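Asks: Sharing a structure, written as structure tokens. Questions coming.
The values are calculated or read from the model by the stated rules, or taken from the named source; none is laboratory data. Here the structure is a predicted model, which means the values were calculated and not measured. All Cβ positions, glycine included, derive from the backbone under ideal geometry; neighbour counts span all protein chains shown. The protein model used for the area step is the full one, side chains on, heavy atoms only, and it has no ligands, DNA or RNA in it. Shrake-Rupley method; radii C 1.70, N 1.55, O 1.52, S 1.80 Å.
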Amino acid sequence: MASVRPVAAFAGLSCGLWLSACATHDPSVVLSVKDQRKADDIATGADVARLEKQGISPLILAGPVARKPARCLPTRQPGVFVCRLVSKLYKSSPWVARDARLRNEDGVWFYDSGRYDALDGPYRLAALDGPTSTAVCYDRRVDCVERIPGVVFSWGWNAAYVVAASHPRAATGEIDKSQARYFYIVRADDHRDAGADSVRGPFTARAYQEEQRRLGLPELGSYYPDLK
């Protein structure tokens, strides 16, 4: 059984900095070092099985030599937490912190299998239920607020804009690849509570090309081949 226990807020830590509501209740939990190692072992075992199935003999690298108990905050997905993992790779290495999304199922911790890739700054490409759920969202650490909806298949960014193209879904729920909608986010107008006010679109391909010429929007370079 995984060790999960509530912890008090860090001394001097502002409520608005880490926690969504900490005036009367701290929703965080502690992930023990032992459970972190178990989660790593489960993930490594899955990777080894996948590679061996492909006929590849994997080289298994040693994990961190030291870890600290991790503080985890719940996300809006049931059972999914964002954990601040702190570890050192070698005895002489400095401590390094990183955030990871882990899922707790019946007391066992796993790395969350949903895709949650960093684009630039606070923007993420989130596919929590597989590629056909892909959207561009704004990461607020304990949740990621959707900015560009639909089934996003192509995206790009520069210092001023984040752009994406998506397919709508038909009434049957199937992806309608015969149609594409184009959006862009004005980063100067965007912040954690901006909502859809910073998003422009949807545009048709022709209208988007006009916006691209007018504003110097970045190219739509990256894409999911199966969804394009």
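Asks: Any chance the stretch 179-186 includes a residue that's assigned to a loop (DSSP other than H, G, I, E, B), of a type outside the set (D, E, K, R) and crowded, with 19+ Cβ neighbours inside 10 Å? Give the steps one after another, and end with the answer.
Replies: We begin by selecting, within the stretch 179-186, every residue assigned to a loop (DSSP other than H, G, I, E, B); these are 179-180.
Those left that are additionally of a type outside the set (D, E, K, R): 179-180.
Then drop every residue that is not crowded, with 19+ Cβ neighbours inside 10 Å, which leaves 180.
Taking every residue of the stretch 179-186 in turn, at least one turns out to be assigned to a loop (DSSP other than H, G, I, E, B), of a type outside the set (D, E, K, R) and crowded, with 19+ Cβ neighbours inside 10 Å.
Asks: Checking K88 against (1) open to solvent by 60 Å² or more (accessible area, probe 1.4 Å); (2) over 13 Å from the mean Cα position of the chain (by Cα); (3) farther than 20 Å from L217 by Cβ, which test does it fail?
Replies: With respect to (1) open to solvent by 60 Å² or more (accessible area, probe 1.4 Å); (2) over 13 Å from the mean Cα position of the chain (by Cα); (3) farther than 20 Å from L217 by Cβ, K88 is out only on (1).
Asks: Quick one: which of C72, C83 is under 26 Å from S133 (Cα atoms), touching an Asp or Glu at 6+ places or on another chain (Cβ under 9 Å) and open to solvent by less than 80 Å² (accessible area, probe 1.4 Å)? Walk me through how you get there before you give the answer.
Replies: Working: C72 fails: touching an Asp or Glu at 6+ places or on another chain (Cβ under 9 Å).
Matching residue, one of C72, C83: C83.
Asks: How do the pairs read when you match residues in the stretch 204-228 that are without any contact (Cβ under 8 Å) to a residue 40 or more places away in the chain and over 19 Å from R187 (Cα atoms) with residues anywhere that are of a type outside the set (F, W, Y) and assigned to a loop (DSSP other than H, G, I, E, B), using Cβ under 8 Å and keeping only pairs 6 or more apart or on different chains?
Replies: Filtered contacts from the stretch 204-228: A205/A180.
Asks: Please pick out the residue among R213, R147, R187 that is farther than 28 Å from F81 by Cα and modelled with pLDDT of 90 or more.
Replies: Of R213, R147, R187, the one residue that is farther than 28 Å from F81 by Cα and modelled with pLDDT of 90 or more is R213.
Asks: Does the stretch 107-124 include one or more residues that are of a type in the set (S, T, N, Q) and open to solvent by 40 Å² or more (accessible area, probe 1.4 Å)?
Replies: If we filter the stretch 107-124 for residues that are of a type in the set (S, T, N, Q), which is where we start, we get 113.
Okay, now just the ones that are also open to solvent by 40 Å² or more (accessible area, probe 1.4 Å), so 113.
Yes, because at least one residue in the stretch 107-124 is of a type in the set (S, T, N, Q) and open to solvent by 40 Å² or more (accessible area, probe 1.4 Å).
Asks: Continuing with this model, one more query. Can you tell which of A62, A70 is under 18 Å from V96 (Cα atoms), of a type in the set (G, A, S) and at pLDDT 85 or above? Steps first, answer last, please.
Replies: On the way: A62 fails: at pLDDT 85 or above.
Criteria check complete, one pass: A70.
Asks: When the stretch 137-166 is examined, which residues are found to be of a type in the set (A, V, I, L, M), open to solvent by less than 20 Å² (accessible area, probe 1.4 Å) and over 10 Å from I185 (Cβ atoms)? Steps first, answer last, please.
Replies: Taking the stretch 137-166 first, the residues of a type in the set (A, V, I, L, M) are 142, 145, 148, 151-152, 159-160, 162-165.
Then keep just the ones that are open to solvent by less than 20 Å² (accessible area, probe 1.4 Å); that gives 148, 151-152, 162-165.
Correct list: V151, V152, A165.
Asks: Quick one: what pairs do we get from the stretch 150-175, first residue more than 15 Å from L215 (Cα to Cα) and without any contact (Cβ under 8 Å) to a residue 24 or more places away in the chain, second polar (S, T, N, Q) and open to solvent by 20 Å² or more (accessible area, probe 1.4 Å), C-beta under 8 Å, 6+ apart or different chains?
Replies: Matching pairs, first to second residue: P168/Q179.
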